[in-house]
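Right, one structure below, let's go through it.
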DNA sequence: CGTGTGCTGTAAAACGTTTTAATGCACTAT
DNA sequence: ATAGTGCATTAAAACGTTTTACAGCACACG
């Protein structure tokens, strides 16, 4: 039964095809790419030759000539890789999955680049024509590296002055929707639990939060802590906060890892959700949904966001035009049990 | 402020480096790859030249010479792309995320290949050295295509005679663990809701199920339906089943989309989970966890599975040795509310 | 002295495409 | 007739590496 390993025949090249079809390699190339007309009769001979020889073009050679790799890369910056962990990964993966199919529709393949220790060195190892950068932080190392290498890059995230291409997420709207939803039940004690790093997301949420608090005449309670402490940090911080200031009516906690901590703290304090306290977070991912009760969150339409980003990128690559900035579709509130009306 | 677009300087080539360092291109190549010794003093001159010229190797050219693309691709076969949808996607993405970091550790990038309409054509468009194929179906088109192209492929899934490389998932163990867990409460009416396509997963689950039913002297109730009907199909099928045969004690429903349908049917019939009926599914993903109540499932250790597969693949690529088959780590039961003891 | 033997280095030949400039060739318009 | 105009095709030059075969040189060994 052991089939002898088929002779490792050298793969047919474009020259072989040309010879068999009785034309020059150049003509075969044109027939393949459609860059110039070739007579329909020779066209036919060529396709026949391709079939019989089972020819498949050598992409490295083509790439060398054209200077294109036929791939785009999706990055998540995330210097503190480990801390962010699965939750952030879900966000990225949702984008990646959609980007992959959009890219494929444009005859481009998607490279999934995990957070890496030495971006500078690694970038030289990977061939790609353009990049999608997900929620870069304040002054992200990737952004400068990619710019330095002259790689067209579309940023998914906050409006980023350094980026020529972007699909901008409206953190303002997100914060507003979540806050209003929590406040509309008449809540007056609504702490904001948030990361303290200088990401746009943190800053905007904080700003909107304080503004709306002021508008409603309720006193803001900002609990900022390092992202790295995530779940545990949020649990402890909210615990001591409750001890000091008494129980809240609601909690706005954009980062889902922290939301888990918040839920634990509330359970610990014997505060029923949503009975006593209503809770909402930002990203409607695995984490928000597997909480008990599941958390109200935002549908950010990440599939469409990824699709927009990918199309923008490949368009730019193809036309060579200069950048553009597209707004992401408006987020939608997904009301779950954690904010159910009593 | 508007910085004039930097002159689009042509990128430095290895020749430029050679010239500046006063050596031949060949020597630079050797210095870079370490394939041959080069004098430490010239080595130093070369690295200096590389830095001042900001040289970064042209990967297409290198790839053409070496015949290596520096990438591996991860595929999910899934001809019926849409039907499978998000749930299956989660499974794939979990693998992909881990594979991406493992690959990167081996200086390889991971291509995320979505299900595509015309695999045969598309494969010629993408450059990769090896492939990871996730749960290929009975006679998967990809498997033959990849084999025909001579691309080393590791299969994650059932033991697959056609594959020389694989990380095998133990469906037998999975089915056994889930069944025993459901049966151990003394349940005697335990329908199996399952897909009817000839995937190994379906077949093994069915076989184990009937065997264990026989062992316990309980009568098997197999409800097989097309995967494509997924959630809705399972809901309707279980509904009519209950009408005909009365309520079950437990339901074993490996495919998570169908599990959602099963939960709906049970709710419809007024059967409390886990009070009246206990339910378990296979993949512990978004879907299982966001069910109410969340479903007992299996932790398949997909991160380790992906890591094994990736390492196996790059090892094979590097050493050129022949295939091997590795067993995936044993699955672990994750007991959730859907099978809580009353 | 003559001959082997390491050690660094080089020149030049690939690798398989795409692209550029040129070549016929058949027409049409003058 | 002559010149001009497309059109389909071709020959050959790139593209930037790696690799192969060879050369020089110093040194040790007989």
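Remarks
- Along its principal axes, chain A has C-alpha extents of 87, 56, 38 angstrom, given from the largest down.
- When both bridge partners sit in the protein assembly as shown, DSSP labels roughly 15% of those beta bridges antiparallel.
- Between region A:127-157 and region A:251-317, the C-alpha centres lie 25 angstrom from each other.
- The calculated P(r) of region A:171-299, using every Cα pair and 10 Å bins from 0, goes 14, 51, 34, 2 in percent.
- 10 Å Cβ neighbours from other chains, averaged over peptide A:123-131: 4
- Region A:121-247 - convex hull of alpha carbons, volume per residue in Å³: 122 Å³
- Region B:215-245 and region A:23-66 have Cα centres separated by 53 Å.
- Gain on full stretching of the segment that runs from residue A:330 to residue A:159 - 0.36 nm per residue minus C-alpha separation: 60.1 nm
- Value of Rg to Rh for the protein assembly as shown, rounded to two decimals, is 1.01; Kirkwood radius and Rg both from alpha-carbon coordinates.
- Look at the stretch B:105-116: the mean tally of other chain Cβ atoms within 10 Å of its residues' Cβ atoms is 6.
- When you restrict to C-alpha pairs under 8 Å that are six or more residues apart and normalise by the size of region A:171-299, the relative contact order lands at 26 percent.
- Sorted largest first, the spans of the alpha carbon positions of region A:262-342 along the three principal axes are 59, 21, 16 Å.
- Cα pair distances of region A:14-57 binned at 10 Å [whole percent]: 34, 62, 4
- Using only the C-alpha atoms, the convex hull of region A:129-201 corresponds to 85 Å³ per residue.
- Percent of alpha-carbon pairs separated by more than 25 Å within region A:50-209: 42 percent
- Mean partner shielding of peptide A:27-37, defined as the number of other chain Cβ atoms within 10 Å of each residue Cβ, is 0.
- Inter-copy label distances for residue A:150: 3.5 nm (label point placed 7 Å from Cα along Cα→Cβ; shortest first).
- Beta bridge orientation in chain A: antiparallel %, DSSP, nearest 5: 10 percent
- Cβ-Cβ distance of residue B:11 and residue A:13, R₀ of 22 Å, FRET efficiency by 1/(1 + (r/R0)^6): the value works out to about 0.25.
- 7 Å along Cα→Cβ, label-point gaps from residue A:267 to other copies, nm, shortest first: 2.2
- Inter-copy label distances at residue A:247, shortest first and taken from points set 7 Å along Cα to Cβ: 3.4 nm.
- Extension gain (nm, one decimal) between residue B:245 and residue B:203, 0.36 nm per residue minus Cα-Cα: 12.7 nm
- If you take the alpha carbon atoms of region B:222-284 and fit the smallest convex hull around them, that volume is 72 Å³ per residue.
Any read-out appearing in this document is the output of simple, stated calculations on the displayed coordinates, not a laboratory observation. All figures in this text were calculated on a predicted structure; none of them were measured in a lab. Cβ atoms come from the backbone with ideal geometry, glycine included; neighbour counts cover every protein chain shown.
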